[in-house]
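The values are calculated or read from the model by the stated rules, or taken from the named source; none is laboratory data. Not measured: the values here are computed from a predicted model. Virtual Cβ from ideal backbone geometry, glycine too; neighbours counted across all protein chains shown.
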């Protein structure tokens, strides 16, 4: 039997809009643009203004049993990265109403997302400076020590075994700090910027480069540029391991109905990795 969840989804989205209004009132800001809903509607965000200054307001809602993880404070913890083109959290407000809500008001980044979706589907023109800043940003993150965890060995093992069985050794060869969500909806242009630092922490070396490559496969020219920018990362045993791990993660989402057009190119990419 098919269950129609449309009404419940609509009510939840309206509830999230109400949460955004409550947060705006708390911070004394005015919402100036159409709110954007995040993945599975668990977050909502919008541009806001206070006086003559512009900011960004985001509210995330989560069941209280899940709020103890590193993700809950990821954006605030990322304030420790100085000199990067990223939002910085200015204030935080939490309240409980059925679920736990966390509102963060941040600096507002100039420009617009490179894509409305995580996966890139149309060509884009990005400057050499943009690509250089991307690489500088991920290198800076990789070199920053942290106790935060993006992916544990147990999680990596679970994903790889689920996707590849015993065809891939799931032991992570090397670790580094990763942003953990470098996709095209989180990247800004024409001036470089990287959004959504919720998930940053320790992960397999090459995770960020591998993630961006896999989300670029529908636009071969851009995928090739990613390969060139990160050749020293991707064309190594650790880089290939990271790509297989990202494939395993994305395959779960494809199996759940997301990115159906990415399934075939991702499968071709996987065969090339396993044959190399």
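Quick check: anything in region 238-247 under 18 Å from residue 117 (Cα atoms) and either over 18 Å from the mean Cα position of the chain (by Cα) or not assigned by TED's automatic domain parsing to the domain that holds residue 133 (or both)?
No, region 238-247 contains no residue that is under 18 Å from residue 117 (Cα atoms) and either over 18 Å from the mean Cα position of the chain (by Cα) or not assigned by TED's automatic domain parsing to the domain that holds residue 133 (or both).
For region 253-262, the set of residues classified as touching a helix residue (DSSP H, G or I) at 6+ places or on another chain (Cβ under 8 Å) and either surrounded by 13 or more Cβ atoms within 10 Å (Cβ to Cβ) or not assigned by TED's automatic domain parsing to the domain that holds residue 208 (or both) consists of 254, 259, 262, listed by residue number. Across region 51-75, the qualifying residues are those that are surrounded by 14 or more Cβ atoms within 10 Å (Cβ to Cβ) and either within 27 Å of residue 7 (Cα to Cα) or over 22 Å from the mean Cα position of the chain (by Cα) (or both), and the one among them that is modelled with the lowest pLDDT is 67.
Scanning region 228-248 for residues that are in contact (Cβ under 8 Å) with a residue 40 or more places away in the chain and either surrounded by fewer than 20 Cβ atoms within 10 Å (Cβ to Cβ) or not in a helix (DSSP H, G or I) (or both) yields 229, 230, 237, 238. Assess whether residue 23 counts as being touching a helix residue (DSSP H, G or I) at 6+ places or on another chain (Cβ under 9 Å), surrounded by 19 or more Cβ atoms within 10 Å (Cβ to Cβ) and not assigned by TED's automatic domain parsing to the domain that holds residue 151. Here the answer is no, as residue 23 does not meet what is asked. Exactly one residue out of 168, 149, 156, 161 is under 18 Å from the mean Cα position of the chain (by Cα) and over 27 Å from residue 58 (Cβ atoms), and it is 156. Within region 132-146, the residues that satisfy the criterion of being part of a loop (DSSP other than H, G, I, E, B) and without any contact (Cβ under 8 Å) to a residue 40 or more places away in the chain are 143, 145. Residue 58 - would you say it is part of a strand (DSSP E or B), without any contact (Cβ under 8 Å) to a residue 60 or more places away in the chain and within 21 Å of residue 118 (Cβ to Cβ)? Judged against the criteria, residue 58 is a match. Take residue 224 and decide whether it is in a helix (DSSP H, G or I), surrounded by 20 or more Cβ atoms within 10 Å (Cβ to Cβ) and modelled with pLDDT of 95 or more. Taking the combined requirement at face value, the residue does not satisfy it. Of 93, 71, all but one fail to be closer than 19 Å to residue 43 by Cβ, in contact with a strand residue (DSSP E or B) (Cβ under 9 Å, 6 or more places away or on another chain) and assigned to a helix (DSSP H, G or I); the exception is 71. Residues in region 83-92 that are surrounded by 15 or more Cβ atoms within 10 Å (Cβ to Cβ) and either in contact (Cβ under 8 Å) with a residue 40 or more places away in the chain or over 16 Å from residue 56 (Cα atoms) (or both): 84, 85, 86, 87. Residues that are within 18 Å of residue 250 (Cα to Cα) and crowded, with 19+ Cβ neighbours inside 10 Å within region 132-167 comprise 150, 151, 156, 159, 160, 163, listed in sequence order. In region 106-123, the count of residues that are without any contact (Cβ under 8 Å) to a residue 24 or more places away in the chain and out of contact with any helix residue (DSSP H, G or I) (no Cβ under 7 Å at 6 or more places or on another chain) is zero.
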